Amino acid sequence: MSDVVLALAINGLVWGLIIALIALGLSIIFGLLDIINVAHGDLFMVGTVGGLAVTVATGSFWLALVLVPVLGFVLGLVLERVVIRPTIRQAALTIVTTFGLSMMLQEAVRATYGAQPRRMAPPIEGTVPLFGIDYDVYRIAAALFAALALAGFFLFLQRTKLGTWIRAVRHDPETATALGIPVARICGITFALGTAMAALGGVIAAPITTVEFRTGVDILPFCFMAVVIGGLGNLQGTVAAAVLLAVMEGVVTSVSDPTVARIVSLAVMSGVLLFRPHGLFAGATR
Amino acid sequence: MLSVAGLTADIGRIPVLKGVSISVAPGETVALLGRNGVGKTSTLRAVLGLLRRTGGSVSYQGQDLGGLAPHRLAALGLGYVPQGRGIFPLLTVEDNLCLGLKGKPPADLFAELYERFPRLAERRRQAAGTLSGGEQQILAIARCLIMRPSLIMLDEPTEGIMPKLVSQIRTEIAAIAKRGIAVLIVEQNLRTALRLADRVYLMERGQVVHEATPAALRETPDTVHRYLGVAL
Ligand SMILES: Nc1ncnc2c1ncn2[C@@H]1O[C@H](COP(=O)(O)OP(=O)(O)OP(=O)(O)O)[C@@H](O)[C@H]1O
Ligand SMILES: [Mg+2]
């Protein structure tokens, strides 16, 4: 019994880190472009499908791990130009356009890749003993990849000129423009980065989830909950909330079932909205 | 050097600029005065393309700014210190300072600025939001200077600043002008404006209604009272 709790808690941590990566993409896009990107889960789904497709085509998961986020970045640049920019600063309209984008992505994948769910063999086989249970090595590797990507992204935001510009545009696009920062291009790059992060999350998750055109539908609400609980615009909060929620859902699932776990998550989110509308971690990094 | 003719602009559906014409010559200091809400800030924003122009023309050093993307103006030498300073509070002082530069600043200019503003040097690694209001204003001005502008537009640089620091900011602006940089300053503080400026425009309801030298304005206090509502 306690083994099950532990295993599901660790699973939650692994998933939490992957979802943190995806939710962080959602969060930077929201913070910079004021866009509620309903298609973000589908960009994750495209990442899982792309990960499987590239692995099958080239025989190398590791190539997919590098290539798919790069392709995701390019896809993000195109989508921002064609879909997002025409409706920018009209938050309500972006829900409609990204919802349309979501359907197009799903149907495009169904039309080309097919509707049947598939599974992908993990690139690293085997288990290791972890706190007295046998645990998949790949899941640990997946958590590690996600954590590295998260750390890399925060370093990029803090330490590079482009990262500094992204933070500046987020805070005050007008003054940034007057200082010579190409705000429209920064917005495009940010959307592309968010897309690349969702795609990377997709590749990392592909071996531990089912790969199909609907995967994004399940992940999106979870990402939104993480963003809300972490506090809108609080990037570190988003990461912490994603991990916290996933571990909590894992533990609740072990004593009950996934539906109850989701209900608990929603209750937590409602509580946060009621009592701490700026997020669980407001004040820490605002 | 800067020439604005018949500039019009709307905010929402409301026309806030109804044909503003002003000019600034090289090295000249020009003040734009007027009561609250007459369109001073809007004038600066429309010149910079931050507020969409609906009519009129803006040219800088002979170049028409009509078709130019707003973020290109900084590279032409147009500096801007917005109302409320426009500091990025979560970025470090140094990141704020270098924000408009592509890479690292030229070492000599950097050293010179830090020598001139020792408070900024001391706190270069701290978040700019921890600076006092006056220090933030100095930072905003230094951030402008590091880009070597030929014209600086300042929007109410002494607004909400401790009296002690107001004179320092005034001295800084005078020093900028002395180095041959043209200045277009929006100011509520009439004394500061008249002391700094070579020429003054008075605005009312989206239009320039009067142009004079500070000396001429001092001769006609009733004009000042009529447009600014204050006594000299
Ligand atoms: N965001 C906005 N939404 C609606 N109206 C606005 C907005 N910003 C400015 N205005 C209006 O536009 C007009 C011009 O404003 P502007 O900021 O240019 O005036 P100002 O002369 O700079 O005033 P102040 O001395 O208070 O800074 C004002 O009547 C103001 O109420
Ligand atoms: Mg103003």
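The values are calculated or read from the model by the stated rules, or taken from the named source; none is laboratory data. Computed from a prediction, not measured in an experiment: that's the story for all the values here. Neighbour counts run over all protein chains shown; Cβ positions are idealised from the backbone, glycine included. Remember, those area values only see protein heavy atoms, side chains included, never the ligands or the DNA or RNA. Shrake-Rupley method; radii C 1.70, N 1.55, O 1.52, S 1.80 Å.
Within region B:61-80, being touching a helix residue (DSSP H, G or I) at 6+ places or on another chain (Cβ under 6 Å) and more than 9 Å from chain A (Cβ to nearest Cβ) holds for no residue. Counting only strands (runs of 3 or more DSSP E) that fall entirely inside region B:1-102 and contain at least 1 residues that are away from ligand 1 (no atom under 15 Å from the Cβ) and within 30 Å of B:E122 (Cα to Cα), the qualifying elements are B:78-81.
Could you tell me whether B:I181 is touching a residue at least 24 places away in the same chain (Cβ under 8 Å) and surrounded by fewer than 23 Cβ atoms within 10 Å (Cβ to Cβ)? Considered against the rule, which asks whether it is touching a residue at least 24 places away in the same chain (Cβ under 8 Å) and surrounded by fewer than 23 Cβ atoms within 10 Å (Cβ to Cβ), B:I181 comes out as yes. Any residue at all in region A:237-254 that is in contact with a Gly (Cβ under 9 Å, 6 or more places away or on another chain), of a type in the set (D, E, K, R) and closer than 16 Å to A:L13 by Cα? Looking through region A:237-254, at least one residue is in contact with a Gly (Cβ under 9 Å, 6 or more places away or on another chain), of a type in the set (D, E, K, R) and closer than 16 Å to A:L13 by Cα. Evaluating B:T158 against the criteria (1) more than 12 Å from chain A (Cβ to nearest Cβ); (2) assigned to a helix (DSSP H, G or I) leaves one unmet condition, (2). Yes or no: region B:121-129 includes at least one residue that is at pLDDT 90 or above, surrounded by 22 or more Cβ atoms within 10 Å (Cβ to Cβ) and of a type outside the set (S, T, Y). Yes - at least one qualifying residue is present in region B:121-129.
Given the condition among the hydrophobic types (A, V, I, L, M, F, W, C), open to solvent by 10 Å² or more (accessible area, probe 1.4 Å) and in contact (Cβ under 8 Å) with a residue 12 or more places away in the chain, answer yes or no: does some residue in region B:149-160 qualify? No, region B:149-160 contains no residue that is among the hydrophobic types (A, V, I, L, M, F, W, C), open to solvent by 10 Å² or more (accessible area, probe 1.4 Å) and in contact (Cβ under 8 Å) with a residue 12 or more places away in the chain.
Return the total of residues in region A:147-156 being surrounded by 19 or more Cβ atoms within 10 Å (Cβ to Cβ) and not small (G, A, S). Explain how you work it out, then say what you get.
Of all residues in region A:147-156, those surrounded by 19 or more Cβ atoms within 10 Å (Cβ to Cβ) come to A:149-150, A:153.
Filter once more, keeping what is not small (G, A, S): A:150, A:153.
Final tally of qualifying residues: 2.
Among the criteria (1) open to solvent by 70 Å² or more (accessible area, probe 1.4 Å); (2) more than 20 Å from A:G16 (Cα to Cα); (3) at pLDDT 95 or above, the one A:L144 does not fulfil is (2).
Of all residues in region B:37-51, those that are more than 13 Å from every other protein chain (Cβ to nearest Cβ) have Cβ atoms under 6 Å from Cβ atoms of residues that are open to solvent by 10 Å² or more (accessible area, probe 1.4 Å) and within 6 Å of ligand 1 (Cβ to nearest atom), 6 or more apart or on another chain, in B:G39/B:V16. Take the conditions (1) open to solvent by less than 20 Å² (accessible area, probe 1.4 Å); (2) within 14 Å of chain B (Cβ to nearest Cβ); (3) among the hydroxyl-bearing types (S, T, Y); A:T160 misses just one of them, which is (1). The helices (runs of 4 or more DSSP H) found wholly in region A:170-236 and carrying at least 1 residues that are surrounded by 24 or more Cβ atoms within 10 Å (Cβ to Cβ) and more than 14 Å from chain B (Cβ to nearest Cβ) occupy A:183-205, A:215-230. If you go through region B:205-232 and keep only what is open to solvent by less than 60 Å² (accessible area, probe 1.4 Å), farther than 19 Å from B:V24 by Cα, within 16 Å of ligand 1 (Cβ to nearest atom) and not in a helix (DSSP H, G or I), you end up with just B:G229. All conditions but one from (1) within 16 Å of ligand 2 (Cβ to nearest atom); (2) over 18 Å from B:Y201 (Cα atoms); (3) of a type in the set (S, T, N, Q) apply to B:T54; the one that does not is (1). Taking the numbered list (1) away from chain A (no Cβ under 14 Å); (2) away from ligand 2 (no atom under 16 Å from the Cβ); (3) not hydrophobic (A, V, I, L, M, F, W, C) in turn, B:P149 passes all entries but (1).
Of all residues being of a type outside the set (D, E) and open to solvent by 70 Å² or more (accessible area, probe 1.4 Å) in region B:94-117, which is nearest to B:A142 (Cα to Cα)? Just the residue, please. Spell out how you get there, then give the answer.
In the first step, residues of region B:94-117 are kept if they are of a type outside the set (D, E); the result is B:96-107, B:109-111, B:113-114, B:116-117.
This time we only want the ones that are open to solvent by 70 Å² or more (accessible area, probe 1.4 Å), so: B:102, B:104, B:107, B:116.
Values: B:K102: 16, B:K104: 15, B:A107: 15, B:R116: 9 Å.
Filtering region B:94-117 for residues that are of a type outside the set (D, E) and open to solvent by 70 Å² or more (accessible area, probe 1.4 Å), the one nearest to B:A142 (Cα to Cα) comes out as B:R116.
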